[in-house]
Amino acid sequence: MLGIEVSGPLMANWRRWLAPGLQPFFVSTSEFDLQTSAEGEMTPELRDTFRAYKVDRDLRTVWLSEQETRARLVRAQVNHGRGAVPVVRRWEDLLDPGVLRAQADGHRFVWWPSLLINDNGAILARVVSEDRHPSRHDEVREMCWERCATVVPAARALAGTFPAGSGPNCFSTVMAACGEAEAADAWMLQTPFEKWLGERTRPGGDDNSAGTILIWRDSGGGARHAAVTIGDGWGLEKPSQDWHSPRGVLAVRDMIKGNRVRGLRLQRRMLLTDTPL
């Protein structure tokens, strides 16, 4: 998927995270008077699947099974910004349209284990690949990887991999690639990332050499995204902390184009190393 091999156990986890048997629904007391005794756990993976971080915190969270959901409740999830409420017509080629339309209001549906039971990987592949570019790590020349190893030592090991779950983000991927091994599986916040930048980098760098840190900053100066170059015009980045966000290699020019967002400016810093860049 996205040019990356995915193990069977990881795909099994993905199915559980995309379509758990008990799911969170977000409601206001004025919309629904739902009574349920079920209690689920909002793990980091479910938080990312259902975009709980974007939902109004004043809403109640209720945990429901497939049999307990109904059309009006599903429509309300779209209004509240919950993730994983796809449009039926987007999936009619892979799933029975009648089953999808019958599940909720005929237009939207919710992922449940019953929909994935016969999936051969095609559904997961589409979910994971949506709005993402394939990793091009296999196109990087051996000589480039060899040069890169002296500057960004763990880049090759990280390139073309998915994390074991939610958490690792763009900042942790950059730090881990540059030799901070403990950062690889961490959800790295801005403050420790900025501290690392101050200690390990200086202004400068270019997009064709290994070890240039690309940082996208907002109008207040805060770091919103980061990537690192590995040489020959290639870069390594992880788009988000989501469980289905890969550590991928792209051409730096494509990376910059894909992260061009109004209000963000690009800064470059050079990794400090004993080896000439």
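The values are calculated or read from the model by the stated rules, or taken from the named source; none is laboratory data. Note that the structure is predicted; figures quoted are calculated from it, not measured. Cβ atoms come from the backbone with ideal geometry, glycine included; neighbour counts cover every protein chain shown.
In the range 91-116, what count of residues is obtained for those that are within 18 Å of residue 14 (Cβ to Cβ), surrounded by 13 or more Cβ atoms within 10 Å (Cβ to Cβ) and not aliphatic (A, V, I, L, M)?
Residues that pass the stated criteria total 4.
I'd like the residue in the range 227-277 that is among the hydrophobic types (A, V, I, L, M, F, W, C) and out of contact with any Lys or Arg (no Cβ under 9 Å at 6 or more places or on another chain) and, out of all such residues, is farthest from residue 168 (Cα to Cα).
Keep residues of the range 227-277 that are among the hydrophobic types (A, V, I, L, M, F, W, C), which gives 227-228, 230, 234, 236, 243, 249-252, 255-256, 261, 264, 266, 270-272, 277.
Cutting the leftovers down to out of contact with any Lys or Arg (no Cβ under 9 Å at 6 or more places or on another chain) gives us 228, 243, 252, 255-256, 277.
Values: 228: 15, 243: 8, 252: 21, 255: 19, 256: 21, 277: 27 Å.
Restricting to residues being among the hydrophobic types (A, V, I, L, M, F, W, C) and out of contact with any Lys or Arg (no Cβ under 9 Å at 6 or more places or on another chain), the top hit is 277.
Looking only at the range 13-32, which residues are farther than 18 Å from residue 65 by Cβ and either at pLDDT below 95 or not assigned by TED's automatic domain parsing to the domain that holds residue 109 (or both)?
28, 29, 30, 31
Go through the range 254-270 and count every residue that is touching a residue at least 12 places away in the same chain (Cβ under 8 Å), out of contact with any His (no Cβ under 9 Å at 6 or more places or on another chain) and either more than 19 Å from residue 210 (Cβ to Cβ) or loosely packed, with under 11 Cβ neighbours inside 10 Å (or both).
2
Here's a check for you: in the range 29-47, which residue that is touching a helix residue (DSSP H, G or I) at 6+ places or on another chain (Cβ under 7 Å) and not in a loop (DSSP other than H, G, I, E, B) is nearest to residue 103 (Cα to Cα)?
Looking at residues that are touching a helix residue (DSSP H, G or I) at 6+ places or on another chain (Cβ under 7 Å) and not in a loop (DSSP other than H, G, I, E, B), I get 46.
Can you tell me which of (1) under 23 Å from residue 118 (Cβ atoms); (2) assigned to a helix (DSSP H, G or I) is the one residue 6 doesn't meet?
Residue 6 satisfies all of (1) under 23 Å from residue 118 (Cβ atoms); (2) assigned to a helix (DSSP H, G or I) except (2).
Restricting attention to the range 122-142, does a residue exist that is assigned to a helix (DSSP H, G or I), without any contact (Cβ under 8 Å) to a residue 24 or more places away in the chain and more than 30 Å from residue 3 (Cβ to Cβ)?
no
On the given criteria, is residue 221 out of contact with any Lys or Arg (no Cβ under 8 Å at 6 or more places or on another chain), over 29 Å from residue 165 (Cα atoms) and in the same structural domain as residue 172 (by TED's automatic domain parsing)?
yes
In this structure, does residue 108 turn out to be of a type in the set (Lys, Arg) and in the same structural domain as residue 74 (by TED's automatic domain parsing)?
Values: of a type in the set (Lys, Arg): yes; in the same structural domain as residue 74 (by TED's automatic domain parsing): yes.
Yes; evaluated as a whole, the condition is true for this residue.
Do you know which of the residues in the range 78-121 that are charged (D, E, K, R) and assigned to a loop (DSSP other than H, G, I, E, B) is nearest to residue 24 (Cα to Cα)?
Here the answer is 82.
In the range 48-77, which residues are acidic (Asp, Glu) and outside any helix (DSSP H, G or I)?
56, 58
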